[in-house]
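Report on the structure given below.
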Amino acid sequence: MSRIAFVYVPLKHQGFAENLQVVDEDFGRLPPLSLAYAAAIAERVGHAVTLIDANALRLTLPEVCARLRDWRPDALAFTLSTYMFRETVAWMQSLRQALGVPTIAGGINLALYPEETLAHPAIDFGVVSFAVRGLPLLLAALAEGRNPLGLPEVVARNQSGRPVVGPTTPERNPFLDLPRPARHLLPNHKYYSIISQRRNFTIMVTSTGCDSQCSFCAIPQRPRFKNSLEQVEAEVVECVSTHGIREIDFFDADFFADPGRAKALCRLLIARNLDLEWSCRARLDRLDREGLALARRAGCRQMYVGIESASLQAQGLLRKLLRPELVRERLDLMREAGISPLGFFMLGVPGETWRSGLDTIRYAMRLPLDYAQFQRMIAKPGSALHREVVSRTGVDYWRDFVLGRATPKRMPNLWCGLSDRMITALTQLGYLAFYFRPRQFWRALRRLRSREELLRTGRATLRMLGHVGGLDA
Ligand code: B12
């Protein structure tokens, strides 16, 4: 048995990000779900485990280092996204040096760029896939002083220092083997999102991947697996009864992708009659009156829906066509059911002009939405759009970024003629035009349920106003 410390590094807004800085910084503090899954896998096979969420606890590197010196881990484990790659590797390097123990990495960036990731000497080992098999094997080898090179799903360096990915088998549904995320190791009382209303708050996923093929999104490229409804129900019940959770945000790409499954889950939650509210992401064309009514009865308060753009041409190119009549009809159904809609919009879409960007903002304002989020379109790592950029330019920006050859800056935008500054200005304008209307203001005030929420949204509003003119990116 070994002592394994999982560390979640504080999030930082990046120069290439799709959100405005102020939005990224005020979005909330959300639990590190992937890491909590990995920690649960290690704990299940008998290791002593701690998870330090330095992001939620606002801990600095020296503070985490001091805590870990006291705890005396045998290995350090981190989740690596491409966005947070640099910061995470910097923490791995410092903690590895200070504590003199090996580092283990997992997560989305390792799946996308395994060899480039392991090119960093601060990372000793990696575990690809869902870690159910690979992590226990790696930890056992380390505990017994065996060389993990060649173990299934484990990335390790060979004698000449080259990273080698151990054999992988076709992925089977990880939810059949995954334990529930180790929420008992998380500071559950610290979490919130900008529009959550109850504490404790957490996030959950009931599936991975997505049935849709929107070209701007990276999630369709992830394998598609679903958890069983019994396990989802058990996780929800554990959240409520053991961790004092009163609000959950389901992060599935499309909660209603399989409407029959979603409705069945709602019925299970209704029968449980829990003191719980929740939100989820859903595609508008999958929603119907029955599903929405069931979701509401089951405690759903908010749904996040991608509407993206007013331009039908751009929607077609992005492989997500939602006609305005359908959008309006489904949003009306949502409101009728008593569910509050948040619309996601993208600016800088293919063929975007200043005028079409303004059309998208006006479109958002005409729709019966309680909230809107405006993002610039970027070629996310792993998306079909990014693959197209690579084939057209011959440059893989994200690969270069992981290898330390590119800085966190705006990527080339091959699909629209607007400058970066114009897209940023449109995004800011979107927020101002949408939220600073008497009707929206009044709606927002009526929705507020707590002093904390008032302070949180007030602060975000002031920061947003403060940034206008500064053109933060
Ligand atoms: C929930 C979620 C979040 C949560 C929780 C973060 C987390 N990953 O734990 C919050 C809201 C905090 C979040 C934040 C962010 N996220 Co996020 N997130 C997701 C989401 C929707 C689901 C992740 C999940 O829990 N999946 C279910 C579990 C079972 O699978 P998994 O995540 O792959 O984890 C398994 C394995 O990868 C492995 N594993 C993972 N980590 C580790 C670590 C070790 C040591 C080991 C051994 C194994 C291991 O074991 C896990 C269990 O099987 C994914 C999209 C997706 N569907 O994958 C995006 C996604 C991962 N997020 C993304 C992004 C961009 C972000 C942010 C930068 C915010 C933003 N601007 O969008 C931040 C960065 C966070 C960070 N520190 O890197 C991108 C990543 C793109 C990239 N290549 O970098 C994704 C793919 C979505 C997208 N927009 O395309 N996110």
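The values are calculated or read from the model by the stated rules, or taken from the named source; none is laboratory data. Quick caveat: nothing in here was measured; it's all calculated off a predicted structure. Here the Cβ positions follow ideal geometry from the backbone for every residue, glycine too, while neighbour counts run over all protein chains shown.
A quick yes/no check of all residues on (1) surrounded by fewer than 18 Cβ atoms within 10 Å (Cβ to Cβ); (2) touching a residue at least 60 places away in the same chain (Cβ under 8 Å); (3) over 27 Å from Met377 (Cα atoms); (4) outside the structural domain of Pro152 (by TED's automatic domain parsing):
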| site | (1), (2), (3), (4) |
| --- | --- |
| Cys210 | no, no, no, yes |
| Cys214 | no, yes, no, yes |
| Cys217 | no, yes, no, yes |
| Gln221 | no, yes, no, yes |
| Glu230 | yes, no, yes, yes |
| Phe250 | no, no, no, yes |
Subject >> Subset of the stretch 349-396 (residues that are closer than 23 Å to Glu329 by Cα, of a type outside the set (A, V, I, L, M, F, W, C) and part of a loop (DSSP other than H, G, I, E, B)) >> reply: Pro368, Asp370
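Yes or no, residue by residue, for (1) under 17 Å from His13 (Cβ atoms); (2) touching a helix residue (DSSP H, G or I) at 6+ places or on another chain (Cβ under 7 Å); (3) loosely packed, with under 15 Cβ neighbours inside 10 Å; (4) not assigned by TED's automatic domain parsing to the domain that holds His120:
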| position | (1), (2), (3), (4) |
| --- | --- |
| Ser391 | no, no, yes, yes |
| Arg399 | no, yes, no, yes |
| Lys409 | yes, no, yes, yes |
| Arg421 | no, no, yes, yes |
| Tyr431 | yes, yes, no, yes |
| Phe434 | no, yes, no, yes |
| Trp442 | no, no, yes, yes |
| Leu462 | no, no, yes, yes |
Original post:
Leu418 fails exactly one of the following numbered conditions: (1) touching a Ser or Thr at 6+ places or on another chain (Cβ under 8 Å); (2) in a helix (DSSP H, G or I); (3) of a type in the set (A, V, I, L, M, F, W, C). What is the number of that condition?
Top reply: (2)
**OP:** Could you look through the stretch 204-225, keep only residues that are within 6 Å of the ligand (Cβ to nearest atom) and among the β-branched types (Val, Ile, Thr), and pick out the one that is nearest to Asp258 (Cα to Cα)?
**Re:** Thr208
**OP:** Report, ordered by the first and then the second residue, all pairs with beta carbons closer than 7 Å, sequence separation of six or more or different chains, a first member in the stretch 325-345 that is on the phi > 0 side of the Ramachandran plot, and a second member that is crowded, with 16+ Cβ neighbours inside 10 Å.
**Re:** Gly338/Arg296
Original post:
Can you pull out the residues in the stretch 252-270 that are surrounded by fewer than 20 Cβ atoms within 10 Å (Cβ to Cβ) and touching a Gly at 6+ places or on another chain (Cβ under 8 Å)?
Top reply: Pro259, Lys263
Original post:
Regarding Gln14, is this residue under 28 Å from Phe251 (Cα atoms) and either within 9 Å of the ligand (Cβ to nearest atom) or without any contact (Cβ under 8 Å) to a residue 24 or more places away in the chain (or both)?
Top reply: yes
Original post:
Mind checking which residues of the stretch 75-91 are free of Cβ contacts under 8 Å to residues at least 40 places away in the same chain and of a type outside the set (A, V, I, L, M)?
Top reply: Ser81
**OP:** Report yes if some residue within the stretch 46-56 is near the ligand (Cβ under 7 Å from one of its atoms), touching a residue at least 12 places away in the same chain (Cβ under 8 Å) and either part of a strand (DSSP E or B) or not assigned by TED's automatic domain parsing to the domain that holds Leu110 (or both); otherwise report no.
**Re:** no
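Please go through the stretch 79-109 and pick out each residue that is hydrophobic (A, V, I, L, M, F, W, C) and over 16 Å from the mean Cα position of the chain (by Cα). Full working, then the answer.
Step one: filter the stretch 79-109 for residues hydrophobic (A, V, I, L, M, F, W, C), giving 80, 84-85, 89-92, 95, 98-99, 101, 104-105, 108.
Matches in the stretch 79-109: Val89, Ala90, Trp91, Met92, Leu95, Ala98, Leu99, Val101, Ile104, Ala105.
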Subject >> Residues within the stretch 250-299 that are assigned to a loop (DSSP other than H, G, I, E, B), more than 16 Å from the ligand (Cβ to nearest atom) and in contact with a strand residue (DSSP E or B) (Cβ under 6 Å, 6 or more places away or on another chain), tallied >> reply: 1
Subject >> Filtered residues of the stretch 86-116 (kept if within 30 Å of Leu176 (Cβ to Cβ), modelled with pLDDT of 95 or more and away from the ligand (no atom under 11 Å from the Cβ)) >> reply: Pro102
